[in-house]
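Taken together, the values in this text are just the output of simple stated rules run on the coordinates, not laboratory data. Since the structure is predicted, the reported quantities are computational estimates derived from the model, not experimental observations. Reconstructed Cβ throughout: ideal geometry from the backbone, glycine too, with neighbour counts over all protein chains shown.
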Amino acid sequence: MKILVLGAGRMGLGAAYDLAHNSPEVSSVTVADVDSERARAVCETVGGAKLTPARIDVEDFDRAVALMRGHDAAISCVTYSHNLRLARAAVEARTNFCDLGGNNAVVDAELALDEEAKAAGVNVVPDCGLAPGMVAVLAAHGAARFDEIGEIHIRVGGLPLQPKPPLNYQIVFSVEGLINEYVERARVVRGGRIVEVDSMTEIEELEFPAPFGRLEAFQTSGGTSTLPDTFAGRIRELDYKTIRYPGHCAQFKLLIGLGLASSDEVDLGGVPFAPRKLLGELLVRHLPADEPDAVLVRLEFRGRTNNETRTLRYDIIDRFDGRTRLSAMQRTTAFPASIVAQTMAQGLTTAKGALPQERCIPPAPFVAALAARDIRISESFVE
């Protein structure tokens, strides 16, 4: 298999590592970025004979089509605003395509390419990172354990192992994506109906083993992705909340309340600027990055099996890998995207077209592939 990785940032590096070192069926990996030196640096950091750097401006449609041709699948690890153009390029090139997603409107537009993707004989699968992403396949995996599924509750967070003020948070993925999750509305299922709720609301407490202890979780956008539509008519309750250290939600909500996450330009001394861009720049400058981290995942399913109502819990705790120097966020975001890309490239999806992953990625092999990468589910039935 020949796989193309678009974007040589943190997640591009993580995907390249998984393809080069965890994936024996992959014969070659192209790492492409608008900065050719950054692409080369990722190849050198990851190491191995499979890797080749390339330069690509992802806004150049014709160049994207040409580069995709000859690859069995492409993974977009660039900002979500480019993903629709890249998905169209993939259909034109007849190359399977997945991305890390993060924006509901972009995902909807990609899924509208279903007929074109079918005609091209390829898959376009958006939202394939962590959340949205891996948790969607885990939701399908857990729901299949029940005769009737009534509720699915998803909780996910990337946390620094040594939290520092003021936000007890560190930059582990695109800051633009982070702000987007905090300001857009979240899609959930309530009483069997798909509704939208404000992000950074409905704070709850939850417990994880030491050293994490008591944490908070609150509504954020994007995490449910296509799950409300996939489970429409089958489920009463479905939601997604982001896990953080206590107090984070209130602190960041203050910044939003002051208008610092707004994309509307304001005039300051005759110079127009968008507060959101300033906030993003300040977060990058003042928050730590690339320090040891953990990713916490919890899915709870409630339904009936064997005429009994039960609650099943999936927990994942993944930590920074000191051997590979990969963060937990890289492992749990880029590795699942790599698994999806390889599933598509091998022709193992259940159907062609532009589809949510929970509808076309076989759950059991996906979970097995995670376990092979030491991303393991601890499952239990709870009261």
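Under 20 Å between C-alpha atoms is the cut-off here; go through the chain and count lysine pairs that meet it, provided they're at least eight residues apart or on different chains.
Numbers: K2/K50; K2/K352; K118/K352; K164/K253; K241/K253; K253/K277.
Lysine pairs meeting the criterion: 6.
Cα atoms only, the chain: Rg and Dmax in Å?
That works out to 20.1, 69 Å for Rg and Dmax.
Which three extents, in whole angstrom, do the alpha-carbon atoms of segment 173-317 cover along their principal axes, largest first?
Here the spans come out as 68, 37, 21 Å, largest first.
Within segment 26-136, what percent of beta bridges assigned by DSSP are antiparallel, to the nearest 5?
Details: 1 of 13 bridges.
Close to 10 percent.
For segment 258-383, what D do you get in µm² per second when you plug the Kirkwood radius from alpha-carbon pairs into Stokes-Einstein at 37 °C and 0.692 mPa s? If you can, show how the numbers build up before the last one.
On the way: Rh = 18.6 Å.
Here the translational diffusion coefficient equals 176 µm²/s.
Hydropathy first: keep DSSP H helices in the chain averaging at least -0.5 on Kyte-Doolittle, then drop any whose Cα extent along the axis falls short of 20 Å, and list what survives.
Length and hydropathy pass: 328-345.
For the chain, can you list the cysteines whose C-beta has no other cysteine C-beta under 4.7 Å from it?
Lone cysteines by the Cβ rule: C43, C77, C249, C360.
How far is the Cα center of segment 354-383 from the Cα center of segment 125-166, in Å?
10 Å
Per residue Cα convex hull volume for segment 1-93, in cubic angstrom?
Considering the Cα atoms of segment 1-93, their hull volume per residue is 76 Å³.
Over segment 271-383, calculate the relative contact order: mean separation of alpha carbon pairs under 8 Å at least 6 apart, over the residue count, as a percent.
Details: 111 pairs, mean separation 29.7, N = 113.
Over segment 271-383, the number comes to 26 percent.
What is the P(r) of segment 49-161, as percent of Cα-Cα pairs per 10 Å bin from 0?
13, 38, 29, 16, 4, 0
Could you work out the helix-only [θ] at 222 nm for the chain, with each DSSP H run of four or more residues adding -39,500 (n - 2.57) and the total divided by the number of residues, to the nearest 500 deg cm²/dmol?
-10000 deg cm²/dmol
More than 15 Å apart: what percent of Cα pairs in segment 175-216 qualify?
In whole percent, the share of Cα-Cα pairs in segment 175-216 beyond 15 Å is 61.
Under the definition of Cα pairs under 8 Å and six or more residues apart, what whole-number percent is the relative contact order of the chain?
Averaging sequence separation for qualifying contacts and normalising by length gives 20 percent for the chain.
State the volume of the convex hull built on the alpha-carbon positions of segment 239-291, expressed per residue in Å³ and rounded to an integer.
In segment 239-291, the Cα hull volume divided by residue count equals 123 Å³.
For segment 35-110 and segment 210-238, what is the separation of their Cα centres, given in Å?
28 Å
Hey, got a sec? Which GluC sites (Glu not before Pro) in segment 37-108 land in a DSSP loop and have at most 14 other Cβ atoms within 10 Å?
Those satisfying the criteria are E59.
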